[in-house]
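The values are calculated or read from the model by the stated rules, or taken from the named source; none is laboratory data. Model, not experiment: these values are computed from the prediction. Glycine also receives a Cβ, built like all others from the backbone with ideal geometry; neighbour counts cover every protein chain displayed. We work out accessible area using only protein heavy atoms, side chains counted, and drop any ligands, DNA or RNA first. Shrake-Rupley method; radii C 1.70, N 1.55, O 1.52, S 1.80 Å.
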Amino acid sequence: MAEQIEGLDDVTAKMRELSNPRKQKNAATRSARKAMAVVRKAAVANAKALDDSNSPERIWKNIQVKASKTKQGFVLMKVGVRGGAMSYANTTANRRQNRVGKSYATAGSSDNPGGDTWYWRFQELGTSRQAARPFLRPALNNNIDSVQDGFVTDYKDQLDKELSR
């Protein structure tokens with residue numbers, strides 16, 4: 001079910017005025033990063049409640065906002081934890097390549113600000129022996145409206161800045 005974002009009529013009119021698609025993309029990236037900072041802040045608060053005080057690792061210190069893009073070239077902003085999965089998932093593509101069960105290097109490192117928090121996914125998703133205690137999903141679900149509103153208002157401002165240049 002797709003949601004409609006209110007207030008985009010003004011934004012699309014300004015985008016038409018700004019002919020350079022690169023400037024539109026830069027403005028969108030800046031606005032998306034600022035909007036997703038709300039989710040990052042909520043995820044940090046949720047992770048602080050989960051962190052074990054006896055452990056030297058801190059999941060909340062490794063939560064970051066990261067820019068990415070889709071195959072179509074759209075702006076994509078992710079909130080996640082440094083240090084991804086350490087082994088290949090059991091998917092069709094990985095079975096064909098004979099990769100299932102093998103591990104690969106990740107950004108999980110003791111050099112990260114919060115230490116090597118590769119185990120964060122066990123907290124988020126749970127295991128067969130541990131119930132899930134999600135901290136990332138609720139951070140987005142509880143703040144989706146403020147993220148959308150923040151993006152729309154900031155994107156208008158960013159487009160105004162680009163038009164004034």
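At 0.36 nm per residue, minus the direct Cα-Cα distance, what do Lys25 and Asp111 gain on full extension? Give it in nm, one decimal, please.
Result for the pair: 27.7 nm of gain on full extension.
Beyond 15 Å, what share of the Cα-Cα pairs of the range 40-97 is found? Please give it as a whole percent.
The calculated P(r) of the range 40-97 puts 66 percent of pairs beyond 15 Å.
State the extension gain, in nm to one decimal, for the chain segment bounded by Lys71 and Leu163, taking 0.36 nm per residue of separation less the distance between their alpha-carbons.
Stretched fully, the Lys71-Leu163 segment lengthens by 30.4 nm.
If you wrap a convex hull around the alpha carbons of the range 18-165, what volume per residue comes out, as a whole number of Å³?
Here the figure is 152 Å³ per residue.
Which pairs, out of Lys34/Lys161; Lys69/Lys161; Lys23/Lys156; Lys23/Lys78; Lys23/Lys69; Lys66/Lys156, put more than 18 Å between their alpha-carbon atoms?
From the list (Lys34/Lys161; Lys69/Lys161; Lys23/Lys156; Lys23/Lys78; Lys23/Lys69; Lys66/Lys156), the Cα-Cα distance tops 18 Å for Lys69/Lys161; Lys23/Lys78; Lys66/Lys156.
Roughly how far apart, in whole Å, are the Cα centres of the range 64-85 and the range 124-165?
Centre-to-centre distance over Cα atoms comes out at 12 Å.
To the nearest 0.05, how large is the calculated FRET efficiency for Ala45 and Thr153 if R₀ is 25 Å and r is the Cβ-Cβ distance?
FRET efficiency, Ala45 to Thr153: 0.60.
From the phi angles alone, apply the Karplus equation (6.51, -1.76, 1.60; θ = phi - 60°) to the range 155-165 and give each ³J(HN,Hα) in whole Hz, x where the residue is Gly or Pro.
For the range 155-165, the Karplus-derived couplings read 5, 4, 5, 5, 5, 4, 4, 5, 5, 6, 6 Hz, x marking Gly and Pro.
Residues in the range 38-57, backbone N under 17 Å from the label point at Ser146 (7 Å along the Cα-to-beta-carbon vector): list them, ranges by number please.
Zone members listed by number: 38-49.
Taking Cα atoms of the range 104-165, Rg/Rh with Kirkwood Rh, to two decimals?
Radius of gyration relative to Kirkwood radius: 1.23.
What spacing in nm lies between the two simple spin-label points modelled at Ala93 and Ser128, each 7 Å away from Cα in the Cβ direction?
Result: 2.7 nm between the two label points.
Please list Phe74, Phe135, Phe122, Phe151 in order of solvent-accessible area, largest first, computed with a 1.4 Å probe with all protein chains present.
Greatest to least solvent exposure: Phe74, Phe122, Phe151, Phe135.
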